[in-house]
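Input: one structure, supplied below.
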Amino acid sequence: MDDIKTRDSKTRDSKTRDSKTRDPKTRDPRGEVQDDDAAIALMDHPDSTEEIPTLDIAPYLEGRPGGREAVAARLREITMTVGFFYLRNHGIPQDLIDGAFEQNRRIHGLPDSEKRKMPWTNRDGSNVGYQGYHEDGDYKPQSNVNIVAHTKPNYYAKFNIIHESPGQPAKNLWPETLPGFQDRLLAYYRAIEKLAMSFLPLWCVSLKLPVDYFDRSFENPHLLLSLLHYPPQKEIGNRQYGIAPHTDNAMMTFLAQADIPGLAVQMPSGHWRAVDIVPGTLLINTGNSLVRWTNEDYLSTKHRVINTKGVDRYSIPVFFGPNNETVVEVLPTCQSPTKPPLYEPISYGDLRGWYYGRDAK
Ligand SMILES: [Fe+2]
């Protein structure tokens, strides 16, 4: 991580965040939201060579002495400086990842008549089912998803599944004509859920909290998997994106990428970096919830997708957050008399309502 400009990051962040309101009722966890022509040019033409760091989680998952503390320290360093990292030795078998990508291609290859049998449906504040191309379910003028105004609708289609609790009514919609789809996708989903839950003690140790501090907040976690398909873009530039520049809103995101690049992230210098695809790793980033919890010690880094390659691009993000009822408030270890809370407490459900521009459900 030698070439990560920690000092520049802090300078940039304190400068840009302090230029915004310090009123804890209205402060924006996304930091500076700037979309003038110069800012757009940086987003659209990534020119940074700064390093996206790698976190090797094996010392923790294998239970090596001191492994949890060492991995947590590295996680803290990364999340304070870059907010994106490659996760190595995550323990998810490659055949589960390959199987999920196979299902991604299958579902997006279905005839429209089959896709329409799984319409985009809100269940407890999350959308499940299939959202077609040229529709834009996330962006509304009043939403806080995009950091660029007046973008064209995201040029992608997606299929979502969410967490279902035993004994509760089913929420997800499944295709009728794809044998094995549900089983293969749920196998990947459950593997990511286990990995995501294993991060909770790491976050606690990194923040000097009791190791079980987050457990009750994640008894019924928000865990949303999206199968994304980005067709080749007919238009590049002119505020046309696969996914427009944004920050994520959950606690953290686990992204599996196939073989086609297109993602870029804002680096500590303020310039953007095209994300390489590193086989055997997952790409992880942190979201607005952690910014609020940590009083801005941890980042939610801006990123976007443009598919310039002229071929289909597939990716699979899984968004991981707490129960909707969890109150996200500045952690006791992230505040002091000289660093009072920058945010008021808010339920995770209401934070999601703020992000998506709708009333929380
Ligand atoms: Fe994202």
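The values are calculated or read from the model by the stated rules, or taken from the named source; none is laboratory data. As the structure is a computational prediction, the values presented were derived from the model and not from experiment. Neighbour counts run over all protein chains shown; Cβ positions are idealised from the backbone, glycine included.
Just checking, which of 23, 8 is modelled with pLDDT under 95 and not in a loop (DSSP other than H, G, I, E, B)?
Within the list 23, 8, the selection yields 8.
So residue 220 fits all but one of (1) modelled with pLDDT of 95 or more; (2) more than 16 Å from the ligand (Cβ to nearest atom); (3) under 30 Å from residue 93 (Cβ atoms); what number is the exception?
Result: residue 220 passes all but (1).
For (1) closer than 25 Å to residue 301 by Cα; (2) among the basic types (Lys, Arg); (3) not in a helix (DSSP H, G or I), each residue gets a yes or a no:
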{"site": "113", "(1), (2), (3)": "no, no, no"}
{"site": "117", "(1), (2), (3)": "no, yes, yes"}
{"site": "153", "(1), (2), (3)": "yes, no, yes"}
{"site": "175", "(1), (2), (3)": "no, no, yes"}
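For the list (1) farther than 21 Å from residue 298 by Cα; (2) out of contact with any strand residue (DSSP E or B) (no Cβ under 6 Å at 6 or more places or on another chain), I need the number of the one condition that residue 80 fails.
It is condition (1) that residue 80 fails.
Cβ-Cβ below 9 Å, separation at least six or inter-chain, first residue in region 231-260 and free of Cβ contacts under 8 Å to residues at least 60 places away in the same chain, second of a type in the set (Lys, Arg) and within 16 Å of the ligand (Cβ to nearest atom): which pairs?
257/313; 259/313; 260/313
Yes/no per residue for (1) under 18 Å from the mean Cα position of the chain (by Cα); (2) crowded, with 17+ Cβ neighbours inside 10 Å:
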residue: 54; (1), (2): yes, no
residue: 66; (1), (2): no, no
residue: 72; (1), (2): no, yes
residue: 76; (1), (2): yes, yes
residue: 114; (1), (2): no, no
residue: 124; (1), (2): no, no
